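The values are calculated or read from the model by the stated rules, or taken from the named source; none is laboratory data. Quick caveat, the model's predicted, so the values are computed rather than measured. Methodologically, a virtual Cβ is constructed for each residue, glycine included, from the backbone with ideal geometry; neighbour enumeration extends over all protein chains shown.
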Amino acid sequence: MYQNVPFGDVMLEELQEMSETRLKVLALVERIHLRKSTMSISQRRAALVEELRKEEMNEFARLISSPGCKSHTSTDIRTRKRDHVSHFVLRSAVAFNKRKKQWFFKQEARLFKWRFSSLDNEGIWQFMRINNFRFTPVGCCLQDEKMDIKGYLKTCSPQISDIDSTQFYKVPFSNVISLVKKRKVFIMHGEAFVPAEEMVYLFVSYFRRILISGFEFAREARAKLYNDERFTHIFANLENSIHMENTVLVHERDIQEYISLNRLDELSETSYPLCMQVLHKALRKTHHLTHGGRIQYGLFLKGIGIPLSDAMDFWKNEFTKIMDEAAFNKEHSYQIRFAFGWEGSRRDYQPYACVKIVQSIVGPRDYHGCPFKHMLHNVLEEELVDCGFNALGK
């Protein structure tokens, strides 16, 4: 649970490499979370492992799918050490940036849940022993007690097909209030009987508290290295490499499913603000937008949750209707990656606010800016009529 700061010797190059690898893992965690919102925790874990193997990050794939810590080969020990060190390095890298700290917090909590879901009964027992959790297992030595309440356990855990072979733990009910609210646990004498698969909700709350309390130490650790250019360079590169897919326009609580490209036409008519609707229609009609339009609409797409890979496909599919792919790659691909923070200064650019759009300088061939300020009166009327408004009371 990353409670103790690791110590030992490691080369700076390896330190940066393992931390960059962890960033890639966390980015995949976010992407899978956004696209696979209807999947169970174990299904998301399987999707993550599959993606990691595609990216040839087999070290993390094995770690995340491990049922416990039974293996103690030199490779396994090295993998666990790299996991531990990279977590603390990233914790320090984001310690002074509120938004990126929140991003790191969310992805690490998700990764923890997904990893925990791979543990078998022995793995869970090992985890509790290592982290000094003393929750009583209900099973072998207390089988009679389990049989007495078997009917209640079935009622509270209908998703479990075989109650007899399922490991339950006795936990103070106040530790699992979220499960109590959902009526997913049986309570007797102040203790909740929690099936092994639901213990993750108990431990992830502990993990979150550890992360929150650990950020202050991470700030101090980074501050102490302020004058060491080797570390400040590594921390700065890592912080600038964090690219958050769900930016200010889409908050996590609002995300119901991954926004696919084939829904953009529908969304442009039902959900876009007028300025973005105008840009979308112009792009579909002319297969081109001037620089200002590409930036304004591109950042908007980023803001509603379109990832870089899909954004690249979207622009390429439109622009290659009037140019070849080589020309697109030469003239536009860099700018798209730049807007997502993957090139140049690697800043996390945000969608334009209304004030910035209103203040845009717009030419005769441009479609960006604010329609209510920049459009000719009769053109604006037509756009509003297309949107279903009876323009100016006509």
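Only one of ILE234, ILE212 is modelled with pLDDT of 90 or more, within 24 Å of the chain's Cα centre (by Cα) and exposed (fewer than 14 other Cβ atoms within 10 Å of the Cβ); which?
ILE212
Quick check on segment 337-378: of everything there that is β-branched (Val, Ile, Thr), in contact (Cβ under 8 Å) with a residue 60 or more places away in the chain and surrounded by 11 or more Cβ atoms within 10 Å (Cβ to Cβ), which residue is farthest from LEU274 (Cα to Cα)? Looking at residues that are β-branched (Val, Ile, Thr), in contact (Cβ under 8 Å) with a residue 60 or more places away in the chain and surrounded by 11 or more Cβ atoms within 10 Å (Cβ to Cβ), I get VAL362.
Report yes if some residue within segment 52-73 is exposed (fewer than 15 other Cβ atoms within 10 Å of the Cβ), touching an Asp or Glu at 6+ places or on another chain (Cβ under 8 Å), free of Cβ contacts under 8 Å to residues at least 60 places away in the same chain and closer than 28 Å to GLN126 by Cβ; otherwise report no. Scanning segment 52-73, I find at least one residue that is exposed (fewer than 15 other Cβ atoms within 10 Å of the Cβ), touching an Asp or Glu at 6+ places or on another chain (Cβ under 8 Å), free of Cβ contacts under 8 Å to residues at least 60 places away in the same chain and closer than 28 Å to GLN126 by Cβ, so the answer is yes. Report whether or not GLY363 is at negative phi and assigned by the TED database to the domain that holds PRO273. Criteria met by GLY363.
Filtering VAL194, VAL200 for residues that are surrounded by 19 or more Cβ atoms within 10 Å (Cβ to Cβ), hydrophobic (A, V, I, L, M, F, W, C) and either part of a helix (DSSP H, G or I) or under 27 Å from the mean Cα position of the chain (by Cα) (or both) leaves a single hit, VAL200. Of the helices (runs of 4 or more DSSP H) lying entirely inside segment 287-331, those containing at least 3 residues that are farther than 27 Å from CYS370 by Cβ and in the same structural domain as ARG346 (by the TED database) span 308-319, 325-328.
I'd like the full set of residues that are touching a residue at least 60 places away in the same chain (Cβ under 8 Å), in a helix (DSSP H, G or I) and surrounded by fewer than 17 Cβ atoms within 10 Å (Cβ to Cβ), limited to segment 91-104. Result: ARG99, single match.
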